[in-house]
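K.L.:
Here it is: the structure, laid out below.
The values are calculated or read from the model by the stated rules, or taken from the named source; none is laboratory data. Worth saying up front: this structure is predicted, and the values here are computed from it rather than measured. In this analysis, Cβ positions are derived from the backbone assuming ideal geometry, glycine residues included, and neighbour counts consider all displayed protein chains.
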Amino acid sequence: MKSMGITLYPEAEKFLETSPACPVVSTITKDLTIGSVGAEVKTLQEFLNCYGFTVAATGSGSTGNETIMFGFLTQQALAKFQSSANISPAAGYFGAKTRAYLRSIGY
């Protein structure tokens, strides 16, 4: 699929077709990893949950219960997202590669 002149991985197509009610992560400007705390972590968790990369099925981190803490479950969910988008390494670290990929697909 081509969008904005960029060839997307087939797995990325679902992001373009999902409800616009999902948060936009382009507002995240800093790197996030285990131990990071803040509103940007919550936005990332909301994004991951919204697109099916579930942080937690119930409790903290689950849909509607996202937190400001980046822990192991956030790392795992982010790594699954990265793997599906062919971002390498898919280590669950939200840095420049992940931000660039998300910008390239309009998120």
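K.L.:
When segment 64-84 is examined, which residues are found to be in a loop (DSSP other than H, G, I, E, B) and either surrounded by fewer than 15 Cβ atoms within 10 Å (Cβ to Cβ) or in contact with a Phe, Trp or Tyr (Cβ under 6 Å, 6 or more places away or on another chain) (or both)? Before the answer, list the steps.
P.N.:
So in segment 64-84, the residues in a loop (DSSP other than H, G, I, E, B) come out as 64-68, 70-71.
Within segment 64-84, 64, 65, 68 meet the criteria.
K.L.:
Mind listing just one residue for me: the one in segment 85-107 that is among the hydroxyl-bearing types (Ser, Thr, Tyr) and under 12 Å from the mean Cα position of the chain (by Cα) and, of those, surrounded by the most Cβ atoms within 10 Å (Cβ to Cβ)? Spell out how you get there, then give the answer.
P.N.:
So the first thing to find is which residues in segment 85-107 are among the hydroxyl-bearing types (Ser, Thr, Tyr), and the list is 88, 93, 98, 101, 104, 107.
Filter once more, keeping what is under 12 Å from the mean Cα position of the chain (by Cα): 93, 98, 101, 107.
Values: 93: 20, 98: 23, 101: 18, 107: 17.
Among residues in segment 85-107 that are among the hydroxyl-bearing types (Ser, Thr, Tyr) and under 12 Å from the mean Cα position of the chain (by Cα), the one surrounded by the most Cβ atoms within 10 Å (Cβ to Cβ) is 98.
For (1) β-branched (Val, Ile, Thr); (2) in contact with a Pro (Cβ under 6 Å, 6 or more places away or on another chain); (3) modelled with pLDDT of 90 or more, each residue gets a yes or a no:
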{"site": "9", "(1), (2), (3)": "no, no, no"}
{"site": "19", "(1), (2), (3)": "no, no, no"}
{"site": "27", "(1), (2), (3)": "yes, no, no"}
{"site": "40", "(1), (2), (3)": "no, no, yes"}
{"site": "45", "(1), (2), (3)": "no, no, yes"}
{"site": "59", "(1), (2), (3)": "no, no, yes"}
{"site": "72", "(1), (2), (3)": "no, no, yes"}
{"site": "85", "(1), (2), (3)": "no, no, yes"}
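K.L.:
Based on this model, can you work out whether residue 52 counts as surrounded by fewer than 15 Cβ atoms within 10 Å (Cβ to Cβ), under 11 Å from the mean Cα position of the chain (by Cα) and closer than 15 Å to residue 22 by Cβ? Walk me through it before giving the result.
P.N.:
Values: surrounded by fewer than 15 Cβ atoms within 10 Å (Cβ to Cβ): yes; under 11 Å from the mean Cα position of the chain (by Cα): yes; closer than 15 Å to residue 22 by Cβ: yes.
So residue 52 passes the test.
K.L.:
Looking at segment 33-41, is at least one residue free of Cβ contacts under 8 Å to residues at least 24 places away in the same chain and not charged (D, E, K, R)? Give the steps one after another, and end with the answer.
P.N.:
Initial filter on segment 33-41 (free of Cβ contacts under 8 Å to residues at least 24 places away in the same chain): 40.
Imposing the further condition that a residue be not charged (D, E, K, R) reduces the set to none.
No, the conditions are met nowhere in segment 33-41.
K.L.:
Only residues in segment 69-93 that are more than 13 Å from residue 52 (Cα to Cα) count as the first member; pair them with residues that are surrounded by fewer than 20 Cβ atoms within 10 Å (Cβ to Cβ) and among the basic types (Lys, Arg), Cβ under 7 angstrom, at least 6 apart or cross-chain, and list the lot.
P.N.:
87/97
K.L.:
Just one of 43, 58, 54, 29 is outside any helix (DSSP H, G or I), under 19 Å from residue 99 (Cβ atoms) and of a type in the set (Val, Ile, Thr); which is it? Write out each step before concluding.
P.N.:
Working: 43 fails: outside any helix (DSSP H, G or I); 58 fails: under 19 Å from residue 99 (Cβ atoms); 54 fails: under 19 Å from residue 99 (Cβ atoms).
Among 43, 58, 54, 29, only 29 is outside any helix (DSSP H, G or I), under 19 Å from residue 99 (Cβ atoms) and of a type in the set (Val, Ile, Thr).
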